[in-house]
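Take a look at the structure set out below.
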Amino acid sequence: MTTAPEKIEAPKGGVKISESLIATLPGSAYVDEAVFRAEQERIFEQMWFCAVRSADLEGPGTFKTVQVGRESVIVSRNRKGEIRAFFNICRHRGVKLCMEDSGKAERSFQCPYHAWTYDLDGKLIAAPNLTKMPDIDRQEYGLVKVHIREYLGYVWLCLAEEPPSFEDEVMGAIETRLGDVHRIDGYDVANLSLGRRITYDVKANWKLIIENFMECYHCATIHPELTEVLPEFADGLAAQYFVGHGAEFGDEVKGFTIDGSEGLDVIPGVAEDQDRRYYAITIKPTVFINLVPDHVIIHRMFPMAADRTIVECDWLYLPHVVESGKDLDASVELFNRVNLQDFDACERTQPGMASRIYANGGVLVPSEHHIGEFHDWVASMVGDVIPTN
Ligand code: FES
Ligand code: FE
């Protein structure tokens, strides 16, 4: 059983959530522009943010642009194939350098305004008529680098000048959920292949999506297919409620599929006690990982506005399974259905957040202390700007 969360005080005035374990954040936390801006500044632009799947960057010069908080970031590979990330801002007059979501730069990034040119390591290598300009330090006026870590086959970015410990923040979240960070190693996530990717444009605040992912109170109501496969979810206790707990497949269930039929080849490193189980991990602020014996599902959220979040969801399988062209539909459809059911619920919740009826928030049932902990964390980060009545 989880223990009651420690009480965390909001930094400067504002709301305090922990007076009662059942109080939620007030509705304004999900709609107020100043709150969202504070979250961009203090959360998304400060913490480790899972941005791009490394394998999506196929070779030198391939790039993707991603939105991290208020900033656009270019993630690319240099000539040696090493991953680099830069603020997507020309150092001359601040033009957005790459307008595309993805592409391939042949040898360099060239600004569309006055043609300043940067190599794939971000160094300024050419500027027309620069000889007529005062001496300019080409290193100093290179693209500004963003901190990167590669983990689980994804590029994680941190825009903070001094990044927090990746081990504490990201690996620590896995450790907390699985009981030991190495319990994820057997799934060999970095070496799996992308079987399917679905992008959802959700008209809801990112925190509603996290809270929904952390709760299972709704499972019996809105997830009939999932509760068939994982009968214990019908009782409403989330897998995230217990440290190290994986929800067990039902007796008749052959695999984690829409109809409980046979799944794909099991990942060989999955331990015996992890077989026929489902694990769910939340890594704040924007990542969910689901582990089942034959695949791994990774959700990355991109909060775009207080009431809009893009969620990119990847289904990862053993490489030979993807190469074989086997039909993945029954496998993918189970969690796609769960996503659609969840996001529909979040979109139905979002308008209510602006209602005066929800001005003081709502309640959590006692089994959802862990969502209360999430609210405490939000309050500790941005509680001072959450409007109260
Ligand atoms: Fe990019 Fe002038 S703004 S070269
Ligand atoms: Fe759900």
(request) Would you be able to say whether some residue in region 170-191 is in contact (Cβ under 8 Å) with a residue 60 or more places away in the chain, in a helix (DSSP H, G or I) and basic (Lys, Arg)? (result) yes
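Filter region 116-128 down to the residues that are open to solvent by less than 30 Å² (accessible area, probe 1.4 Å), within 13 Å of ligand 1 (Cβ to nearest atom) and among the hydrophobic types (A, V, I, L, M, F, W, C), then identify the one that is modelled with the lowest pLDDT.
So the first thing to find is which residues in region 116-128 are open to solvent by less than 30 Å² (accessible area, probe 1.4 Å), and the list is 116-118, 120, 122, 124, 127.
Now narrow it down to the ones that are within 13 Å of ligand 1 (Cβ to nearest atom): 116-118, 124, 127.
After this cut, where a residue has to be among the hydrophobic types (A, V, I, L, M, F, W, C) as well, the list is 116, 124, 127.
Numbers: Trp116: 93, Leu124: 92, Ala127: 86.
Across region 116-128, the extreme among qualifying residues is Ala127.
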(request) Under 6 Å between Cβ atoms, at least 6 apart or on separate chains: pull out the pairs that start in region 283-303 with a residue that is closer than 16 Å to Trp156 by Cα and end on any residue that is open to solvent by 10 Å² or more (accessible area, probe 1.4 Å) and outside any strand (DSSP E or B). (result) Ile283/Ala173; Pro285/Met47; Phe288/Phe213
(message) Can you confirm whether Glu368 is under 22 Å from the mean Cα position of the chain (by Cα), more than 16 Å from ligand 1 (Cβ to nearest atom) and open to solvent by 40 Å² or more (accessible area, probe 1.4 Å)?
(response) no
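Filter region 85-111 for residues that are part of a loop (DSSP other than H, G, I, E, B), within 11 Å of ligand 1 (Cβ to nearest atom) and out of contact with any Leu (no Cβ under 8 Å at 6 or more places or on another chain) and give the result. Write out each step before concluding.
Narrowing region 85-111 to residues part of a loop (DSSP other than H, G, I, E, B): 88, 90-95, 97-101, 105-107, 111.
Next, from what is left, pick out any that are within 11 Å of ligand 1 (Cβ to nearest atom): 90-95, 97, 111.
Selection gives His92, Arg93, Gly94, Val95.
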(message) Which condition from (1) within 16 Å of ligand 2 (Cβ to nearest atom); (2) modelled with pLDDT under 95; (3) assigned to a helix (DSSP H, G or I) is the one that Tyr217 breaks?
(response) (3)
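The values are calculated or read from the model by the stated rules, or taken from the named source; none is laboratory data. In this text, all values refer to a predicted model and were calculated from it rather than measured experimentally. With ideal geometry, Cβ positions are generated from the backbone for all residues, glycine too; neighbour counts draw on all protein chains shown. With ligands, DNA and RNA removed, areas are computed over all heavy atoms of the protein, side chains included. Shrake-Rupley method; radii C 1.70, N 1.55, O 1.52, S 1.80 Å.
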